[in-house]
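Undergrad: Just dropping this structure here.
Each reported figure results from applying straightforward, stated rules to the coordinates on display, with no laboratory input. Here the structure is a predicted model, which is why all the values come from computation and not from measurement. Quick reminder, even Gly has a Cβ in these numbers, built from the backbone with ideal geometry, and neighbours come from all protein chains shown.
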Amino acid sequence: MTTPVLRRVVRRETHSPRSVAFAVVVLLGIILALYVAVELILALAAQPALFVRPMAALQWLAGLPSSVPVAAGVAGGLVVAALGLWLVVLAVSPGRLSKHEMDAGGRVAVVDNGVVASALAQRVSDETGIARDRVTVGVAHRSVDVTVRPGAGIPIEKAQVTSLAEAEIASLKLARPVRTRVRIERHDEEEKAA
């Protein structure tokens, strides 16, 4: 991955644009601006307001600090500040798609997390002899979660599954390292004991 064009293509495939969030915020802004425009036109035409006259709303807003309890004002300010901070973080931080970049013999491949999960589950199933439907794998951006539910009397060690999962991840040559977490669930034995 040496060329800037290739880096840009990989980034485009693994990160999502914030177009939807941007469109929602812009749409809400347009609706608010249209509402204010309609209220102003109704006020100029001496017609009754839809909800509240613009000047009455401004007067209410200006008198808000003295007319509400301090705790309510602080709580309202914190809610508005949290919403603003969330919008700033949403605008600045990159979105991530459920894909991983992997080295494919000097080239770059982008693989879906579902493909990585399926490969891991199949490898664990093949190597341990446990049925494929009893192995569940979840893949996130920084972690892999492997859950094995062996039947009653089937011995399986967590270390064995961990080494199998880590070997499969290493063979996939993912560009960013992921943390592996393995769980062995033995529901069948617990149900028999009960």
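Undergrad: So what is the calculated 222 nm ellipticity per residue for the chain, using -39500 (n - 2.57) for each DSSP H run with n of 4 or more, over all residues, to the nearest 500 deg cm²/dmol? Let's see the in-between values first.
TA: Details: 8 runs with 111 residues, N = 194.
Using -39500 (n - 2.57) per qualifying helix, the result is -18500 deg cm²/dmol.
Undergrad: Tell me whether region 4-95 comes out rounded, prolate or oblate; compute the Cα gyration tensor, take square roots of the eigenvalues as a ≥ b ≥ c, and use a/c under 1.5 as the rounded threshold. Let's see the in-between values first.
TA: Numbers: a/c = 5.50, a/b = 1.79, b/c = 3.07.
Since a/c reaches 1.5 but b/c is at least a/b, the shape of region 4-95 is classed as oblate.
Undergrad: Quick one: which residues, 5+ away or cross-chain, put their amide H under 5 Å from the amide H of His15? H built at 1.01 Å from N.
TA: Counting only residues 5 or more places away or on other chains, the set is Leu97.
Undergrad: So which trypsin sites (Lys or Arg not before Pro) in region 1-108 end up in coil per DSSP with only 10 or fewer other C-beta atoms within 10 Å? Spell out each step's value before the answer.
TA: Details: sites: Arg7, Arg8, Arg11, Arg12, Arg18, Arg96, Lys99, Arg107; in loops: Arg18, Arg107.
Hits after loop and neighbour filter: Arg107.
Undergrad: If you average the alpha carbon positions of region 20-51 and of region 61-93, how far apart do those two centres end up, in angstrom?
TA: Each part reduced to its Cα centre gives a spacing of 21 Å.
Undergrad: Output the antiparallel fraction of DSSP beta bridges having both residues in region 76-194, as a percent to the nearest 5. Walk me through the numbers before you get to the answer.
TA: Working: 11 of 17 bridges.
Taking every DSSP beta bridge with both residues in region 76-194, the antiparallel ones total about 65 percent.
Undergrad: Assuming R0 = 22 Å, can you tell me the calculated FRET efficiency for the pair Glu13 and Val92, based on Cβ-Cβ distance, to the nearest 0.05?
TA: After rounding to 0.05, the efficiency reads 0.60.
Undergrad: In Å and on Cα atoms, what radius of gyration and Dmax does the chain show?
TA: Calculated on Cα positions, Rg and Dmax stand at 27.8, 83 Å.
Undergrad: A further question follows. Quick check on region 14-56: take the gyration tensor over C-alpha atoms, sort the square-rooted eigenvalues as a ≥ b ≥ c, and tell me if it's rounded (a/c under 1.5), prolate or oblate.
TA: It is prolate, given that a/c is not under 1.5 and a/b is the larger ratio.
Undergrad: Which number comes out as Rg/Rh for region 99-193 once both Rg and the Kirkwood Rh are worked out on C-alpha atoms? Can you show the working numbers first?
TA: Details: Rg = 14.3 Å, Rh = 13.9 Å.
Rg/Rh for region 99-193 comes to 1.03.
Undergrad: Another one. Return the FRET efficiency for the residue pair Ser143, Val80: r is the Cβ-Cβ distance, R0 is 35 Å, and the value is rounded to the nearest 0.05.
TA: With a Förster radius of 35 Å, E is 0.50.
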